[in-house]
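Asks: I am attaching a structure below and will ask some questions about it afterwards.
The values are calculated or read from the model by the stated rules, or taken from the named source; none is laboratory data. In this text the structure is predicted, and so the values were computed from the model without any measurement. When we count neighbours, we look across all protein chains shown, and the Cβ atoms used for this are built from the backbone with ideal geometry, even at glycine. The protein model used for the area step is the full one, side chains on, heavy atoms only, and it has no ligands, DNA or RNA in it. Shrake-Rupley method; radii C 1.70, N 1.55, O 1.52, S 1.80 Å.
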Amino acid sequence: MSQPAALPVPGAASVPTIPLRELAPWALFYGLLGVLVIFFVTADQGAVSIPSGTALHEWVHDGRHLLGYPCH
Amino acid sequence: MNARALLIRGLIAGLVAGVATFVVAYAVGEPHIDTAVSIEDGQPHTHSHDEAVEEEGGIEVSRDNQKTWGLLTGTLTVGLALGGIVALVAASTIGRLGSLAPSQSTALVALLGFVAFVLVPFLKYPGNPPAVGSGETIGDRAALYFGFVLVSVLAAVASTYGALKVRERLGTYGGVVAGIAAYLAVVVVAGQLFVTVNEVGAFPADTLWFFRRASLITLATMWGVIGVVLTGLVSRLYAAQTAEAERRQLAAGL
Ligand SMILES: [Zn+2]
């Protein structure tokens, strides 16, 4: 009956949200993974976790400098 | 719109950004790293990585590998990590930032992420080329840098949340001004409190500036490409879902 009126007006319709409960496990898992990866690539020797002079550390050396992370 | 759909699009954006960042970093940044490395080799007393590696008897990675495959590895992994994180943060803001469309929320998250995670920390602790910095202080410098990044990002999140609260009472203009003012207040005070690091010494000023400019261009490429690609993908996703919903509603009405 009044179906046409129920159609959402483009732009004016309220944007649906993603429930935080649905988002939490994704954010937790990928957030941790992502931060860990960034840390491994960018954190320098002596600072944390990565033994100095490892192949990985030397391998991503230029990226660390150009992405603005402390090195040397 | 769900977390999985956003994460996949974030990874695509991150992949594209990683490749683009490699190209830009190689073309714009590597010449200045080479200059810095040649300066470093001319200084016998500098504690360089190569020396450290040789002392430890570890594996040596050639400069050719460092500036190509090594650099690509770095930009790709950081791109994928950042792309996914930006997408999930965007997912949490969609529909929660006033009347912003999903694509607009996404673009805003990428912009604020660049400012809070990169630009402001860079202003306090700018990147340095090889040969700048003492090996003995690297632990302290890393802690200071990551500490400042943490303060800046937390301040940005809190300020955005605060801006939304203020907006309910004072409107969008008041909310945005209050949010930006709160963020600036925190990072300016933190910038004064955090120790200044200056280990430039006699390193040539022009090479230092060229390197830092290249570093900023590299970072802007990373975040710019993530922001642009992800915003486009989210926009398409939302348009497709809206069209689908309208079609169903029409079909139900027939
Ligand atoms: Zn280095």
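Asks: For the stretch B:24-37, in order, what is each residue's ³J(HN,Hα) by Karplus, 6.51 cos²θ - 1.76 cosθ + 1.60 with θ = phi - 60°, in whole Hz (x at glycine and Pro)?
Replies: After applying 6.51 cos²θ - 1.76 cosθ + 1.60, I find 5, 4, 5, 6, 8, x, 4, x, 7, 5, 4, 4, 5, 5 Hz.
Asks: By how many nm would the segment from residue B:153 to residue B:173 lengthen if fully extended, with 0.36 nm per residue of separation less the alpha-carbon distance?
Replies: My answer for the length gained is 5.0 nm.
Asks: Does chain B classify as rounded, prolate or oblate by the C-alpha gyration tensor (a ≥ b ≥ c root eigenvalues; a/c under 1.5 gives rounded; else a/b over b/c gives prolate, otherwise oblate)?
Replies: Oblate is the answer for chain B, as a/c is 1.5 or above yet b/c matches or exceeds a/b.
Asks: In Å², nearest 100, what accessible area do chains B and A bury in total when the solvent probe is 1.4 Å?
Replies: Using a 1.4 Å probe on protein heavy atoms, the buried area is about 4900 Å².
Asks: What is the distance, in nm, between label points placed 7 Å from the Cα along the Cα-to-Cβ direction at residue B:23 and at residue B:189?
Replies: My value for the distance between the label points is 4.5 nm.
Asks: For every helix of n ≥ 4 consecutive DSSP H residues, a contribution of -39,500 (n - 2.57) applies; sum these over the protein assembly as shown, divide by its total residues, and give [θ] at 222 nm rounded to the nearest 500 deg cm²/dmol.
Replies: Helix contribution divided over all residues of the protein assembly as shown: -23500 deg cm²/dmol.
Asks: Helix B:138-193 versus the longest principal axis of chain B: what is the Cα-based angle in degrees, 0 to 90, to the nearest 10?
Replies: On a 0 to 90 degree scale, this one is about 20.
Asks: Would you look at the GNM of chain B, springs on alpha carbons closer than 10 Å, and say which of B:114, B:203, B:148 moves the most?
Replies: In this elastic network of chain B, the residue with the biggest mean-square fluctuation among B:114, B:203, B:148 is B:203.
Asks: Using a Gaussian network for chain B with springs between C-alpha atoms less than 10 Å apart, which of these wobbles most: B:126, B:31, B:204?
Replies: Comparing B:126, B:31, B:204 in the GNM, the peak value goes to B:204.
Asks: Ok, one more. Please quote Rg/Rh for the protein assembly as shown to two decimal places, taking the Kirkwood radius as Rh and restricting both calculations to Cα atoms.
Replies: Looking at the protein assembly as shown, the ratio lands at 1.05.
Asks: In debye to the nearest 20, how big a dipole does the protein assembly as shown give about its Cα centre with +1 on each Lys and Arg Cβ and -1 on each Asp and Glu Cβ?
Replies: Dipole magnitude for the protein assembly as shown comes out near 2160 debye.
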